[in-house]
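Chemist: The structure is given below, and queries will be raised subsequently.
Just so it is clear, none of the values below were taken in a lab; they were calculated from the coordinates. Quick caveat: nothing in here was measured; it's all calculated off a predicted structure. Glycine gets a Cβ as well: all are built from the backbone with ideal geometry, and neighbour counts include every protein chain shown.
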Amino acid sequence: MPDTRHSSGLGGPTHVAIIMDGNGRWAQARGRPRLFGHHAGAKRVREIVEACGVLDVKYITIFAFSTENWKRTQVEVSGLMSLFRRYIRKETRALTNQGVRVRFIGDRVRLDRPLINLMDTLEKETEFNAGVNLTIALNYGGRDEVARATQRLAEDVASGKLDPASIDEETLPRYLDTRVLPDPDLVIRTSGEARISNFLLWQSAYAEYEFVDTLWPDFTASEFARLCQKYGQRDRRFGTVKA
């Protein structure tokens with residue numbers, strides 16, 4: 001399992017997670033439908049992923065669609081699913097050429113087969129890339145993830161593969177969707193909302209948080225770099241004190 005408390009040699013974050021919020025409000029402020037904002041937000045992803053390579057951010061996880069987002073209108077949900085399929089088709093070559101490794105986390109049960117096939121293909125085509133690790137949380141919820149992980153853990157206990165007496169806080173992470181990833185060092189939420197919205201609940205126990213007013217389609221690489229630099233100035237003690 002990766003070291004979950006590692007920072008880059010420059011003092012910046014190794015893993016940044018982003019709650020990309022504000023697409024709908026960005027569009028509505030311009031008199032456009034919410035889906036217009038989602039398309040603008042999708043374009044912003046490329047700029048931020050490219051910035052990760054410059055800033056030595058090895059891992060970036062983005063919150064694309066939550067388990068709660070199914071409650072939105074059918075028009076918006078259908079539009080988002082279409083956008084995800086289009087994004088994957090359009091960005092596959094660029095991501096591959098840039099050496100980006102792509103993974104998806106979340107429960108795929110409710111996703112349609114064409115989208116799942118595209119996700120599987122993108123993961124396979126980039127699995128040997130050694131550049132930035134891009135993880136896309138799609139139909140993801142932190143509580144749902146822990147529930148699914150606990151179910152798998154319980155199945156291993158019931159089958160005799162796992163001794164209940166051996167279970168500790170290092171056990172559950174091996175069953176999470178993020179089991180091959182380090183925990184995030186920095187979690188950013190755009191749009192001015194100051195909540196974590198069920199995102200990486202277990203993994204973010206020691207993460208630093210930044211809540212910024214910028215709506216996601218306006219979130220630039222420069223602002224991203226500023227927040228990464230600010231992270232490098234923080235005193236990360238993980239419960240200890242300075243000698």
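Chemist: Rank Thr96, Thr73, Thr121 by mean-square fluctuation in a GNM of the chain with C-alpha springs under 10 angstrom and give only the top-ranked residue.
Modeler: Looking only at Thr96, Thr73, Thr121, the biggest GNM fluctuation is shown by Thr73.
Chemist: Treating only the Cβ atoms of Lys and Arg (+1) and Asp and Glu (-1) as charged, compute the dipole magnitude of segment 129-188 about its Cα centre; round to the nearest 20 debye.
Modeler: Working: 6 positive and 11 negative charges, 48 e Å.
For segment 129-188, the charge dipole is close to 220 debye.
Chemist: Moving on. Based on DSSP, what percent of beta bridges with both residues in the chain are antiparallel, to the nearest 5?
Modeler: On the way: 1 of 26 bridges.
Here the antiparallel bridges make up roughly 5 percent for the chain.
Chemist: Something else now. For the pair Ala194 and Lys71, how long in nm is the line joining their label points, each one 7 Å along Cα→Cβ?
Modeler: Inter-label distance under the simple model: 2.2 nm.
Chemist: Report, in whole Å, the centroid distance computed from the Cα atoms of segment 37-84 and segment 89-156.
Modeler: One Cα centre to the other: 13 Å.
Chemist: When the chain is treated as a GNM, springs tying every alpha-carbon pair under 10 Å, which of Glu68, Glu123, Glu155 comes out with the largest mean-square fluctuation?
Modeler: Maximum fluctuation in the GNM of the chain, among the listed residues, is at Glu155.
Chemist: What residue among Leu227, Val45, Ala158 has its Cα farthest toward the positive end of the dipole of the chain, where the charges are +1 on Lys, Arg and -1 on Asp, Glu, each on the Cβ?
Modeler: Positive-end residue among those listed: Val45.
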